[in-house]
Amino acid sequence: MKIKINYEALPDELKKLFIADGCKNLPKPLRSKWHDYQELRRKGNRRDFISNVWATPMGASDTPFDHTILEEIKKKDIRDPDYKGELYITQYSNGIMNTENIRYMPGVMGRLQWWGKLPFGRPEQRHNYIIAIDPSYGLGSANSAIMIYDRNTYEQVGMWADANTKPEKLADIVVGMAYWCGGIRPAYIIWDAGGGCGTMFTNRLVFHRYPYIYTQRREDSKTRKQMKKWGWIGNAKKKDDLLGELAIALSGGLTEDIGEYKSIIIHDKDLLDELLDYVFRDSGVGAVVSKKADLSTGALERHGDRVITAGLAVLACKEQLKGNWETAENPPPNSFQARFNCEEEKQKKENRGFEIRRYLY
């Protein structure tokens, strides 16, 4: 039996006994008189409340992500992928990719996870996509991670992770994904170019001559001046900014009317686990607390690689616009819009010929 109470109609002395917020800021839908008293008593010291009342170990850490937001995401958006498979990619004798022969194959190793529909074996061609990458050396100690972000729906639609893929091979896979995703505008690629593995990945990506890639910018300046280097290279400050923007976007993804500012909806459980474990160390650089092996890929440790891809996807929203197929005048040749325009023009010509014949007779 449920009893509804009009909180606003209660006298002030009774309002102090409990908090009526629909349990929106709690990891579990439970409240009690004792719990509410402790929250009021510690108001303003959230770390003390989380670590001592909720008994959450991460509450004592300095984390860039609000755990109550992550718990809401877990209940609302986290689910199993609709597809698991691999991309079939072929190359010419000179190493250049055969862009006409790329297709999705369900099953196999199942590293590419997909949330949503795949009409005709490809993503929705009336949308635009962002592909964000955090490469590794591929020696088994850390994951290489790839996220595919749907710019139109603000959600993570694809995730790929593996600990034994070398940077050169990873670049081949990424370029194949870009051509496979397609869209109104070609898929936009952004990656972490720091370190030796980042340089190796960058060189292979440039070899494929894929033009729609991120070039460094002064993100903290008014004009966002474009630099001469490819890829995103992070330091302590840039990483702090990246994670802060991601935290805002995760919160924005929970709103009913997702806006244009910053929003991301995630579905991957492994990504959520890394977000829950992410904390700042004394040096100011984010690091994953958990040293557990990643059972899904075989990596010896988790270093927050999926988290970086999510942050880069949010950053790339400044470069990749939403797909608007109704107003696309010059779409890519093999896109849905190009075929639609061709068929429409064909119908117009046939109708025009019918009108001419009618007046002749």
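The values are calculated or read from the model by the stated rules, or taken from the named source; none is laboratory data. No experiment lies behind these values; they were computed from the predicted model shown. With ideal geometry, Cβ positions are generated from the backbone for all residues, glycine too; neighbour counts draw on all protein chains shown.
Annotations for the structure displayed:
- Some residue of the stretch 118-141 being at pLDDT below 90, more than 22 Å from N334 (Cα to Cα) and of a type outside the set (A, V, I, L, M): yes
- Residues of the stretch 190-228 classified as outside any helix (DSSP H, G or I), over 16 Å from V307 (Cα atoms), at pLDDT 90 or above and of a type outside the set (S, T, N, Q), total: 7
- Under the condition of being among the charged types (D, E, K, R), over 17 Å from D62 (Cα atoms) and without any contact (Cβ under 8 Å) to a residue 40 or more places away in the chain, the residues counted in the stretch 260-274 number 1.
Residue-wise test of (1) of a type in the set (F, W, Y); (2) touching a Pro at 6+ places or on another chain (Cβ under 8 Å).
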residue: L70; (1), (2): no, no
residue: K74; (1), (2): no, no
residue: Y88; (1), (2): yes, no
residue: N101; (1), (2): no, no
residue: R122; (1), (2): no, no
residue: Y129; (1), (2): yes, yes
residue: G140; (1), (2): no, no
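- Condition met for Y88 (touching a strand residue (DSSP E or B) at 6+ places or on another chain (Cβ under 6 Å), surrounded by 12 or more Cβ atoms within 10 Å (Cβ to Cβ), within 20 Å of Y149 (Cα to Cα) and aromatic (F, W, Y)): no
- A count restricted to the stretch 183-194 and to residues that are surrounded by 24 or more Cβ atoms within 10 Å (Cβ to Cβ) and either of a type outside the set (V, I, T) or outside the structural domain of R126 (by TED's automatic domain parsing) (or both) stands at 5.
- Hits in the stretch 180-223 (condition: acidic (D, E) and touching a Pro at 6+ places or on another chain (Cβ under 8 Å)): D192
- Total residues in the stretch 168-182, condition closer than 12 Å to P135 by Cβ and either crowded, with 24+ Cβ neighbours inside 10 Å or not assigned by TED's automatic domain parsing to the domain that holds H127 (or both): 3
- Check on G231, crowded, with 18+ Cβ neighbours inside 10 Å, more than 16 Å from the chain's Cα centre (by Cα) and not aromatic (F, W, Y): yes
- Matching residues, the stretch 133-156, being surrounded by fewer than 24 Cβ atoms within 10 Å (Cβ to Cβ) and under 18 Å from M200 (Cα atoms): Y137, G138, L139, G140, S141, A142
- Residue in the stretch 139-148 that is touching a His at 6+ places or on another chain (Cβ under 7 Å) and closer than 23 Å to I266 by Cα present: yes
- The residue list V314, V285 contains one member that is in contact with a helix residue (DSSP H, G or I) (Cβ under 7 Å, 6 or more places away or on another chain), modelled with pLDDT under 70 and under 24 Å from W191 (Cα atoms), which is V285.
- Sole exception among (1) touching a Ser or Thr at 6+ places or on another chain (Cβ under 8 Å); (2) under 24 Å from G252 (Cα atoms); (3) in a loop (DSSP other than H, G, I, E, B) for P64, by number: (1)
- For first residues located in the stretch 213-233 and under 14 Å from A132 (Cβ atoms), partners that are of a type in the set (K, R) and lie 6+ apart or on another chain with Cβ distances below 6 Å do not occur.
- Residue among I308, I264 that is of a type in the set (A, V, I, L, M), assigned by TED's automatic domain parsing to the domain that holds G110, touching a helix residue (DSSP H, G or I) at 6+ places or on another chain (Cβ under 6 Å) and modelled with pLDDT of 75 or more: I264
- So A338, is it surrounded by 10 or more Cβ atoms within 10 Å (Cβ to Cβ), touching a helix residue (DSSP H, G or I) at 6+ places or on another chain (Cβ under 7 Å) and either at pLDDT below 60 or farther than 30 Å from K225 by Cα (or both): no
- Taking the listed residues D257, D241, D192, the one that is free of Cβ contacts under 8 Å to residues at least 60 places away in the same chain and within 20 Å of K318 (Cβ to Cβ) is D241, with no other qualifying.
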